[in-house]
Amino acid sequence: MTRGFRTIRDGVTAFAMLALIWLIAAKLNDQPETVHSGAFHAADGDSLAIGGERMRLKGIDAPELVQSCERNGRPWSCGREARDAVQRLVAGAGTQCGGIERDQYQRLLVICRSGTLDINGEMVRTGMAVSYGDYRRQEDEARARRSGLWAGTFERPRDFRDDERLHSGGIVRMIGQAVGWE
C-alpha cells in the first residue's frame, strides 16, 4: 500500500467514526415532546398546572399574581387580570401545551395552542404579558395599540420579582447579618 492511500483511508475512517459519534450523541439528546391537553389551571399569567405537572409558558413573562399596575391614574390588579386572561385562553377543549425543556424550578416550558391560536403569543399581543425573547413582534403590536399593560405604567415582571426578593428580606437580611444588625 502506498503512503498516500493509507493517509486517505485513515482520514475516511476518522471521519466515519466522528459521524457515528455525532449520530449517537444526537439520538441521546433526542427527547420526545411532552404534550398535555385537558383542564388546565392558571396559577398566574404565565404558569399552568394539569394533574401533577407544572408548566411555564415559554417566551413570555406575565405580571406576578400580586403585582399591581397603573392605568388612567389608578392602580389595577394586572397580575390577577393576566391570570384570568390565560385561564380563559386555556379553557377550550382543544387546548394543548407541549414542550421538551424544563426551567430551574423543574416546570415544563411549553407553547400552548388552541386550534391555530398560539396562546403564548396571544398573551403578549393583548398586552397581558411581555416578550421574553420569542414574541417581540406581538409586543410591538400591543405597545403600539396601548393594549393591556401598555395602556398605563407597569414594572416589568422580572424587575418586580427582583424588588420583591430584595424587600422580602433575602438580601436585606444577608446585609444585616454581615454588618451585625442581627
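Quick notes on this one:
- The listed residues Thr95, Thr2, Thr34, once ranked by accessible area (1.4 Å probe) with the largest placed first, stand as Thr2, Thr34, Thr95.
- Sequence ranges 103-114, 120-131, 60-71, ranked by mean other-Cβ count within 10 angstrom, highest first: 120-131, 60-71, 103-114
- For the residues Glu155, Glu164, a 1.4 Å probe over the protein chains yields an accessible-area ranking, largest first, of Glu164, Glu155.
- For segment 140-153, Karplus couplings with θ = phi - 60° (6.51, -1.76, 1.60), whole Hz, Gly/Pro x: 4, 5, 4, 5, 5, 7, 6, 8, x, 4, 6, 7, x, 10
- Take the Cα of Leu166, step 7 Å toward its Cβ, do the same at Glu70, and the gap between the two points is 1.8 nm.
- Simple Cβ-charge dipole of segment 36-182, Lys/Arg +1 and Asp/Glu -1, about Cα centre, in debye nearest 20: 260 debye
- Spin-label model distance (nm) - Leu117 vs Arg146, 7 Å beyond Cα toward Cβ: 2.6 nm
- Cα gyration tensor shape of segment 31-182, rounded if a/c is under 1.5, else prolate or oblate by comparing a/b with b/c: oblate
- Summing +1 for each Lys or Arg and -1 for each Asp or Glu among the other residues whose beta-carbon sits under 10 angstrom from that of Val66 gives -2.
The values are calculated or read from the model by the stated rules, or taken from the named source; none is laboratory data. What you are looking at is a predicted structure, and each value in this text was computed from that prediction instead of being measured. Positions of Cβ are backbone-derived with ideal geometry, glycine not excepted, and every protein chain shown enters the neighbour counts. These area figures cover heavy atoms from the full protein model, side chains too; ligands, DNA and RNA do not enter into them. Shrake-Rupley method; radii C 1.70, N 1.55, O 1.52, S 1.80 Å.
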